[in-house]
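The values are calculated or read from the model by the stated rules, or taken from the named source; none is laboratory data. Computed from a predicted model, the values in this text were never measured in an experiment. Positions of Cβ are backbone-derived with ideal geometry, glycine not excepted, and every protein chain shown enters the neighbour counts.
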Ligand SMILES: NC(=O)c1ccc[n+]([C@@H]2O[C@H](COP(=O)([O-])OP(=O)(O)OC[C@H]3O[C@@H](n4cnc5c(N)ncnc54)[C@H](O)[C@@H]3O)[C@@H](O)[C@H]2O)c1
Ligand SMILES: [Zn+2]
Ligand SMILES: [Zn+2]
(Lines give C-alpha, C1' and ligand atoms only; values in the text may rest on other atoms or scores of the structure.)
(Ligands and ions follow the chains in the order given, each with its own letter.)
Protein backbone atom coordinates (compact mmCIF):
# COMPACT_ATOMS: atom_id res chain seq x y z
CA UNK A 1 0.00 0.00 0.00
CA UNK A 2 0.96 3.64 -0.28
CA UNK A 3 1.84 5.66 2.79
CA UNK A 4 3.33 9.07 3.44
CA UNK A 5 6.63 8.46 5.22
CA UNK A 6 8.47 10.96 7.44
CA UNK A 7 12.13 9.94 7.22
CA UNK A 8 13.61 12.34 9.77
CA UNK A 9 13.18 15.66 11.53
CA UNK A 10 12.45 18.39 8.98
CA UNK A 11 12.21 15.94 6.09
CA UNK A 12 8.49 16.34 5.48
CA UNK A 13 6.03 13.74 4.24
CA UNK A 14 6.96 11.58 1.23
CA UNK A 15 4.70 9.10 -0.57
CA UNK A 16 6.23 5.60 -0.60
CA UNK A 17 5.18 1.99 -1.17
CA UNK A 18 5.17 0.21 2.23
CA UNK A 19 4.05 -3.20 3.51
CA UNK A 20 1.34 -3.63 6.14
CA UNK A 21 1.33 -6.89 8.15
CA UNK A 22 -1.71 -9.16 8.54
CA UNK A 23 -3.77 -8.72 11.73
CA UNK A 24 -2.91 -10.88 14.73
CA UNK A 25 -4.61 -11.07 18.13
CA UNK A 26 -7.04 -8.19 18.54
CA UNK A 27 -5.63 -6.16 15.65
CA UNK A 28 -7.89 -4.72 12.98
CA UNK A 29 -7.13 -3.64 9.42
CA UNK A 30 -8.95 -0.49 8.32
CA UNK A 31 -9.17 1.00 4.84
CA UNK A 32 -8.57 4.71 5.42
CA UNK A 33 -11.31 6.90 3.92
CA UNK A 34 -10.27 10.17 5.56
CA UNK A 35 -7.23 11.28 7.56
CA UNK A 36 -7.01 14.73 9.15
CA UNK A 37 -3.88 16.89 9.43
CA UNK A 38 -3.50 17.71 13.14
CA UNK A 39 -0.87 20.25 14.16
CA UNK A 40 0.71 17.70 16.54
CA UNK A 41 2.09 15.62 13.66
CA UNK A 42 3.63 18.74 12.15
CA UNK A 43 5.26 19.45 15.55
CA UNK A 44 6.65 15.89 15.64
CA UNK A 45 7.95 16.14 12.08
CA UNK A 46 9.52 19.59 12.56
CA UNK A 47 10.78 20.01 16.14
CA UNK A 48 9.56 17.41 18.64
CA UNK A 49 10.97 14.38 16.86
CA UNK A 50 10.13 10.68 17.27
CA UNK A 51 11.31 7.34 16.04
CA UNK A 52 11.97 7.69 12.28
CA UNK A 53 11.18 6.64 9.62
CA UNK A 54 7.57 6.88 10.64
CA UNK A 55 4.10 6.97 9.21
CA UNK A 56 2.41 9.78 11.13
CA UNK A 57 -1.27 10.81 11.02
CA UNK A 58 -3.69 9.95 13.80
CA UNK A 59 -7.10 11.39 12.85
CA UNK A 60 -8.63 8.55 10.84
CA UNK A 61 -12.04 7.33 9.69
CA UNK A 62 -12.48 4.23 7.55
CA UNK A 63 -13.99 0.80 6.98
CA UNK A 64 -12.90 -2.40 8.73
CA UNK A 65 -11.60 -4.84 6.10
CA UNK A 66 -10.08 -7.60 8.24
CA UNK A 67 -9.98 -8.52 11.93
CA UNK A 68 -7.51 -10.61 13.94
CA UNK A 69 -8.64 -13.94 15.44
CA UNK A 70 -9.25 -12.46 18.92
CA UNK A 71 -10.98 -9.21 17.93
CA UNK A 72 -14.54 -9.03 19.21
CA UNK A 73 -15.58 -5.37 19.27
CA UNK A 74 -15.59 -4.61 15.54
CA UNK A 75 -16.40 -6.62 12.42
CA UNK A 76 -15.64 -6.41 8.72
CA UNK A 77 -17.69 -3.62 7.12
CA UNK A 78 -18.00 -1.51 10.28
CA UNK A 79 -17.42 2.22 9.88
CA UNK A 80 -14.90 3.30 12.49
CA UNK A 81 -13.00 6.28 13.84
CA UNK A 82 -9.50 5.70 15.23
CA UNK A 83 -7.89 7.54 18.10
CA UNK A 84 -4.32 7.86 19.34
CA UNK A 85 -5.56 7.10 22.87
CA UNK A 86 -4.00 3.73 23.68
CA UNK A 87 -5.41 1.90 26.68
CA UNK A 88 -5.36 -1.57 28.18
CA UNK A 89 -8.82 -1.65 29.77
CA UNK A 90 -7.47 -3.42 32.86
CA UNK A 91 -5.34 -0.99 34.88
CA UNK A 92 -6.71 1.06 37.76
CA UNK A 93 -7.18 4.17 35.62
CA UNK A 94 -8.90 2.27 32.81
CA UNK A 95 -11.19 0.53 35.29
CA UNK A 96 -12.31 3.92 36.61
CA UNK A 97 -13.14 5.09 33.06
CA UNK A 98 -10.06 7.30 32.72
CA UNK A 99 -8.66 5.41 29.75
CA UNK A 100 -6.66 8.47 28.60
CA UNK A 101 -4.52 7.92 31.71
CA UNK A 102 -3.88 4.21 31.08
CA UNK A 103 -0.66 3.11 32.75
CA UNK A 104 0.00 0.42 30.12
CA UNK A 105 -0.70 2.07 26.73
CA UNK A 106 1.87 -0.23 25.07
CA UNK A 107 -0.69 -3.02 25.59
CA UNK A 108 -2.14 -1.99 22.19
CA UNK A 109 1.17 -2.37 20.33
CA UNK A 110 3.17 -5.34 19.12
CA UNK A 111 6.05 -6.43 21.36
CA UNK A 112 9.65 -6.01 20.12
CA UNK A 113 9.91 -9.76 19.42
CA UNK A 114 6.92 -9.63 17.04
CA UNK A 115 7.23 -8.57 13.38
CA UNK A 116 6.61 -4.82 12.90
CA UNK A 117 3.22 -3.74 11.62
CA UNK A 118 4.72 -1.51 8.90
CA UNK A 119 7.86 -2.11 6.84
CA UNK A 120 9.47 -0.15 4.02
CA UNK A 121 12.04 -1.92 1.83
CA UNK A 122 12.13 -4.64 4.51
CA UNK A 123 12.98 -2.13 7.28
CA UNK A 124 10.65 -1.45 10.23
CA UNK A 125 8.71 1.80 10.12
CA UNK A 126 7.38 3.43 13.31
CA UNK A 127 3.62 3.72 13.51
CA UNK A 128 2.81 7.23 14.71
CA UNK A 129 0.81 7.09 17.98
CA UNK A 130 -0.23 3.51 17.32
CA UNK A 131 -2.22 4.67 14.26
CA UNK A 132 -0.06 5.66 11.26
CA UNK A 133 -2.98 7.30 9.51
CA UNK A 134 -1.21 8.99 6.56
CA UNK A 135 -1.64 5.76 4.60
CA UNK A 136 -4.17 3.88 2.50
CA UNK A 137 -4.69 1.38 5.31
CA UNK A 138 -3.97 1.17 9.05
CA UNK A 139 -3.46 -1.85 11.28
CA UNK A 140 -4.21 -1.17 14.93
CA UNK A 141 -5.57 -2.63 18.17
CA UNK A 142 -9.36 -2.64 18.42
CA UNK A 143 -9.15 -0.63 21.66
CA UNK A 144 -8.17 2.35 19.50
CA UNK A 145 -11.36 2.15 17.42
CA UNK A 146 -14.95 3.23 17.94
CA UNK A 147 -17.81 2.27 15.62
CA UNK A 148 -19.83 5.15 14.11
CA UNK A 149 -23.15 5.13 12.20
CA UNK A 150 -22.84 4.28 8.48
CA UNK A 151 -24.52 7.56 7.49
CA UNK A 152 -21.71 9.66 9.03
CA UNK A 153 -19.63 11.22 6.20
CA UNK A 154 -15.92 10.38 6.20
CA UNK A 155 -14.09 13.72 6.46
CA UNK A 156 -16.08 15.09 9.43
CA UNK A 157 -15.87 11.65 11.04
CA UNK A 158 -12.07 11.71 10.89
CA UNK A 159 -11.95 15.03 12.78
CA UNK A 160 -13.64 13.42 15.76
CA UNK A 161 -10.58 11.19 16.35
CA UNK A 162 -8.39 14.01 17.67
CA UNK A 163 -9.55 17.59 17.06
CA UNK A 164 -13.05 17.01 18.44
CA UNK A 165 -12.07 14.67 21.28
CA UNK A 166 -9.43 17.18 22.36
CA UNK A 167 -11.25 20.48 21.84
CA UNK A 168 -14.75 19.58 22.96
CA UNK A 169 -13.43 17.11 25.55
CA UNK A 170 -11.30 19.80 27.22
CA UNK A 171 -14.48 21.79 27.85
CA UNK A 172 -16.90 18.97 28.63
CA UNK A 173 -14.65 16.46 30.43
CA UNK A 174 -11.49 18.17 31.71
CA UNK A 175 -13.09 21.45 32.81
CA UNK A 176 -16.68 20.23 33.22
CA UNK A 177 -18.01 23.63 32.10
CA UNK A 178 -21.45 24.34 33.55
CA UNK A 179 -24.45 26.31 32.31
CA UNK A 180 -23.81 30.06 32.37
CA UNK A 181 -20.04 29.91 32.98
CA UNK A 182 -17.59 32.01 30.97
CA UNK A 183 -15.18 30.32 28.60
CA UNK A 184 -12.16 31.73 26.77
CA UNK A 185 -10.73 29.81 23.80
CA UNK A 186 -7.21 30.93 22.82
CA UNK A 187 -6.43 29.78 19.26
CA UNK A 188 -9.38 29.03 16.94
CA UNK A 189 -7.67 26.34 14.85
CA UNK A 190 -8.75 22.80 14.03
CA UNK A 191 -8.79 21.81 17.71
CA UNK A 192 -9.85 25.07 19.39
CA UNK A 193 -12.93 25.43 17.16
CA UNK A 194 -14.33 22.27 18.73
CA UNK A 195 -13.96 23.85 22.16
CA UNK A 196 -16.48 26.46 20.98
CA UNK A 197 -18.87 23.64 20.00
CA UNK A 198 -18.25 21.95 23.35
CA UNK A 199 -18.95 25.20 25.20
CA UNK A 200 -22.26 25.55 23.35
CA UNK A 201 -23.23 21.97 24.24
CA UNK A 202 -22.40 22.75 27.89
CA UNK A 203 -24.55 25.91 27.88
CA UNK A 204 -21.68 28.32 28.57
CA UNK A 205 -22.80 31.93 29.07
CA UNK A 206 -20.00 33.78 27.32
CA UNK A 207 -17.72 32.14 24.75
CA UNK A 208 -14.80 34.48 24.09
CA UNK A 209 -12.35 33.52 21.35
CA UNK A 210 -8.93 35.00 20.65
CA UNK A 211 -6.76 34.45 17.59
CA UNK A 212 -4.38 36.48 15.45
CA UNK A 213 -6.23 35.82 12.17
CA UNK A 214 -9.48 37.66 11.39
CA UNK A 215 -10.63 34.79 9.12
CA UNK A 216 -10.45 32.35 12.04
CA UNK A 217 -12.34 34.79 14.26
CA UNK A 218 -15.11 35.19 11.68
CA UNK A 219 -15.58 31.41 11.61
CA UNK A 220 -15.49 31.33 15.41
CA UNK A 221 -18.46 33.74 15.44
CA UNK A 222 -20.35 31.50 13.04
CA UNK A 223 -19.68 28.57 15.41
CA UNK A 224 -21.14 30.40 18.39
CA UNK A 225 -18.45 32.66 19.88
CA UNK A 226 -20.21 35.48 21.72
CA UNK A 227 -17.11 37.71 21.58
CA UNK A 228 -13.95 37.59 19.44
CA UNK A 229 -10.63 39.34 20.06
CA UNK A 230 -7.75 39.74 17.62
CA UNK A 231 -4.83 39.63 20.04
CA UNK A 232 -2.62 41.46 17.54
CA UNK A 233 -4.83 44.49 17.85
CA UNK A 234 -4.79 45.17 21.58
CA UNK A 235 -4.36 43.57 24.97
CA UNK A 236 -6.47 40.38 25.07
CA UNK A 237 -6.20 40.22 28.89
CA UNK A 238 -7.78 43.66 29.33
CA UNK A 239 -10.45 42.79 26.77
CA UNK A 240 -11.38 39.50 28.51
CA UNK A 241 -11.43 41.10 31.97
CA UNK A 242 -13.73 43.84 30.68
CA UNK A 243 -16.14 41.41 28.96
CA UNK A 244 -16.28 39.04 31.94
CA UNK A 245 -16.41 41.72 34.61
CA UNK A 246 -13.20 40.65 36.32
CA UNK A 247 -12.06 37.38 34.77
CA UNK A 248 -13.19 34.13 33.17
CA UNK A 249 -14.21 30.82 34.76
CA UNK A 250 -12.31 28.70 32.21
CA UNK A 251 -9.48 29.57 29.81
CA UNK A 252 -8.33 27.01 27.23
CA UNK A 253 -4.90 27.55 25.68
CA UNK A 254 -4.69 25.87 22.28
CA UNK A 255 -1.56 27.84 21.31
CA UNK A 256 1.13 27.10 23.90
CA UNK A 257 3.76 29.80 23.63
CA UNK A 258 4.96 31.32 26.91
CA UNK A 259 3.61 34.89 26.58
CA UNK A 260 0.21 33.62 25.39
CA UNK A 261 -0.06 31.06 28.22
CA UNK A 262 0.88 33.77 30.74
CA UNK A 263 -1.90 35.97 29.34
CA UNK A 264 -4.28 33.00 29.67
CA UNK A 265 -3.55 32.82 33.42
CA UNK A 266 -4.10 36.57 33.79
CA UNK A 267 -7.54 36.20 32.18
CA UNK A 268 -8.81 34.02 35.06
CA UNK A 269 -11.39 35.23 37.53
CA UNK A 270 -11.84 33.98 41.09
CA UNK A 271 -11.89 30.18 41.18
CA UNK A 272 -10.98 30.05 37.48
CA UNK A 273 -9.05 27.30 35.73
CA UNK A 274 -6.45 27.48 32.93
CA UNK A 275 -6.22 24.40 30.71
CA UNK A 276 -3.01 23.75 28.78
CA UNK A 277 -3.62 21.94 25.46
CA UNK A 278 -1.36 23.42 22.77
CA UNK A 279 2.43 23.29 22.86
CA UNK A 280 3.89 25.29 20.00
CA UNK A 281 7.49 24.95 21.23
CA UNK A 282 9.48 22.57 23.44
CA UNK A 283 9.84 25.26 26.10
CA UNK A 284 6.10 25.93 26.29
CA UNK A 285 5.19 26.56 29.92
CA UNK A 286 4.05 28.92 32.61
CA UNK A 287 5.29 30.58 35.78
CA UNK A 288 2.56 31.01 38.38
CA UNK A 289 2.62 33.23 41.45
CA UNK A 290 1.53 31.08 44.38
CA UNK A 291 0.18 34.15 46.18
CA UNK A 292 -1.99 35.15 43.21
CA UNK A 293 -3.24 31.61 42.62
CA UNK A 294 -4.00 30.83 46.25
CA UNK A 295 -5.77 34.07 47.00
CA UNK A 296 -8.12 33.55 44.04
CA UNK A 297 -8.28 29.72 44.27
CA UNK A 298 -7.16 29.38 40.66
CA UNK A 299 -5.89 26.22 39.03
CA UNK A 300 -3.79 25.18 36.05
CA UNK A 301 -4.33 21.79 34.43
CA UNK A 302 -2.59 20.01 31.59
CA UNK A 303 -5.08 18.34 29.25
CA UNK A 304 -4.31 15.19 27.32
CA UNK A 305 -6.82 14.32 24.57
CA UNK A 306 -9.67 16.16 26.29
CA UNK A 307 -9.69 13.57 29.10
CA UNK A 308 -11.68 11.50 26.61
CA UNK A 309 -12.94 7.96 26.79
CA UNK A 310 -12.94 7.22 23.08
CA UNK A 311 -15.38 4.29 23.19
CA UNK A 312 -18.04 6.55 24.71
CA UNK A 313 -17.13 9.97 23.35
CA UNK A 314 -16.58 9.23 19.63
CA UNK A 315 -20.14 7.86 19.18
CA UNK A 316 -21.43 10.81 21.28
CA UNK A 317 -19.88 13.41 18.97
CA UNK A 318 -20.99 11.48 15.85
CA UNK A 319 -24.50 11.57 17.24
CA UNK A 320 -24.25 15.31 18.01
CA UNK A 321 -23.15 15.87 14.39
CA UNK A 322 -25.94 13.76 12.93
CA UNK A 323 -28.50 15.60 15.08
CA UNK A 324 -27.21 18.93 13.74
CA UNK A 325 -25.87 19.94 17.16
CA UNK A 326 -22.17 20.00 16.26
CA UNK A 327 -20.78 21.67 13.14
CA UNK A 328 -17.93 19.66 11.65
CA UNK A 329 -18.59 20.29 7.94
CA UNK A 330 -17.26 23.85 8.11
CA UNK A 331 -14.01 22.61 9.68
CA UNK A 332 -13.15 20.58 6.58
CA UNK A 333 -11.57 23.44 4.67
CA UNK A 334 -9.87 21.34 2.02
CA UNK A 335 -9.59 17.71 0.92
CA UNK A 336 -6.20 16.65 -0.47
CA UNK A 337 -4.37 13.53 -1.68
CA UNK A 338 -1.88 11.48 0.33
CA UNK A 339 0.98 12.90 -1.76
CA UNK A 340 0.16 16.49 -0.74
CA UNK A 341 0.62 16.51 3.04
CA UNK A 342 3.46 19.07 3.07
CA UNK A 343 1.32 21.47 1.04
CA UNK A 344 -1.65 20.61 3.27
CA UNK A 345 0.25 21.76 6.36
CA UNK A 346 1.28 24.94 4.52
CA UNK A 347 -2.42 25.67 3.98
CA UNK A 348 -2.95 25.73 7.76
CA UNK A 349 -0.95 28.95 7.92
CA UNK A 350 -3.69 30.57 5.87
CA UNK A 351 -6.18 32.53 7.94
CA UNK A 352 -9.19 30.80 6.42
CA UNK A 353 -8.15 27.14 6.80
CA UNK A 354 -9.46 25.12 9.76
CA UNK A 355 -8.63 21.50 8.96
CA UNK A 356 -7.16 19.82 5.88
CA UNK A 357 -8.18 16.21 5.34
CA UNK A 358 -6.62 13.51 3.14
CA UNK A 359 -9.38 11.73 1.25
CA UNK A 360 -7.52 10.24 -1.76
CA UNK A 361 -4.11 9.38 -3.15
N1 LIG B 1 -3.13 18.17 24.48
C2 LIG B 1 -3.50 17.33 23.54
O3 LIG B 1 -3.87 16.18 23.82
C4 LIG B 1 -3.51 17.78 22.11
C5 LIG B 1 -4.21 17.04 21.14
C6 LIG B 1 -4.24 17.54 19.83
C7 LIG B 1 -3.58 18.72 19.51
N8 LIG B 1 -2.89 19.38 20.49
C9 LIG B 1 -2.19 20.64 20.20
O10 LIG B 1 -3.16 21.67 20.12
C11 LIG B 1 -2.60 22.77 19.39
C12 LIG B 1 -3.61 23.25 18.35
O13 LIG B 1 -3.71 22.30 17.30
P14 LIG B 1 -4.50 22.65 15.97
O15 LIG B 1 -4.44 21.44 15.11
O16 LIG B 1 -5.80 23.30 16.29
O17 LIG B 1 -3.52 23.79 15.36
P18 LIG B 1 -3.89 24.95 14.33
O19 LIG B 1 -2.62 25.37 13.71
O20 LIG B 1 -5.03 24.52 13.46
O21 LIG B 1 -4.47 26.13 15.27
C22 LIG B 1 -3.70 27.01 16.03
C23 LIG B 1 -4.47 28.36 16.07
O24 LIG B 1 -3.82 29.25 16.97
C25 LIG B 1 -3.80 30.55 16.40
N26 LIG B 1 -2.73 31.33 17.03
C27 LIG B 1 -1.41 31.31 16.78
N28 LIG B 1 -0.76 32.19 17.59
C29 LIG B 1 -1.71 32.78 18.36
C30 LIG B 1 -1.68 33.78 19.39
N31 LIG B 1 -0.54 34.35 19.75
N32 LIG B 1 -2.86 34.11 19.98
C33 LIG B 1 -4.03 33.55 19.61
N34 LIG B 1 -4.11 32.59 18.62
C35 LIG B 1 -2.97 32.23 18.01
C36 LIG B 1 -3.61 30.28 14.92
O37 LIG B 1 -3.98 31.39 14.10
C38 LIG B 1 -4.52 29.06 14.71
O39 LIG B 1 -5.85 29.48 14.43
C40 LIG B 1 -1.29 22.25 18.80
O41 LIG B 1 -0.22 22.70 19.61
C42 LIG B 1 -1.43 20.74 18.91
O43 LIG B 1 -0.19 20.08 18.96
C44 LIG B 1 -2.84 18.93 21.77
ZN1 LIG C 1 -4.08 15.41 17.00
ZN1 LIG D 1 -5.07 0.80 31.30
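Some observations on this one:
- Condition check for residue 213: more than 30 Å from residue 57 (Cα to Cα) and either modelled with pLDDT under 95 or over 20 Å from the mean Cα position of the chain (by Cα) (or both): no
- Scanning segment 123-138 for residues that are assigned to a strand (DSSP E or B) and crowded, with 24+ Cβ neighbours inside 10 Å turns up 125, 127, 135, 138.
- Selected residue (only one of 9, 48, 101 is within 16 Å of ligand 3 (Cβ to nearest atom) and surrounded by fewer than 21 Cβ atoms within 10 Å (Cβ to Cβ)): 101
- Odd one out for residue 138, checked against (1) in the same structural domain as residue 192 (by TED's automatic domain parsing); (2) touching a strand residue (DSSP E or B) at 6+ places or on another chain (Cβ under 8 Å): (1)
- Flag for residue 111 being in a loop (DSSP other than H, G, I, E, B), modelled with pLDDT of 95 or more, farther than 21 Å from residue 160 by Cβ and within 16 Å of ligand 3 (Cβ to nearest atom): no
- Subset of segment 342-354 [within 16 Å of ligand 2 (Cβ to nearest atom), part of a helix (DSSP H, G or I) and either free of Cβ contacts under 8 Å to residues at least 24 places away in the same chain or under 19 Å from residue 157 (Cα atoms) (or both)]: 344
- Note on segment 170-194: residues that are in a helix (DSSP H, G or I) and either under 15 Å from residue 273 (Cα atoms) or not assigned by TED's automatic domain parsing to the domain that holds residue 248 (or both) amount to 5.
- Here residue 301 meets each of (1) part of a helix (DSSP H, G or I); (2) more than 17 Å from residue 211 (Cα to Cα) with one exception, condition (1).
- Checklist (1) in contact with a strand residue (DSSP E or B) (Cβ under 8 Å, 6 or more places away or on another chain); (2) assigned to a loop (DSSP other than H, G, I, E, B); (3) over 27 Å from residue 150 (Cβ atoms) applied to residue 74, failing item: (3)
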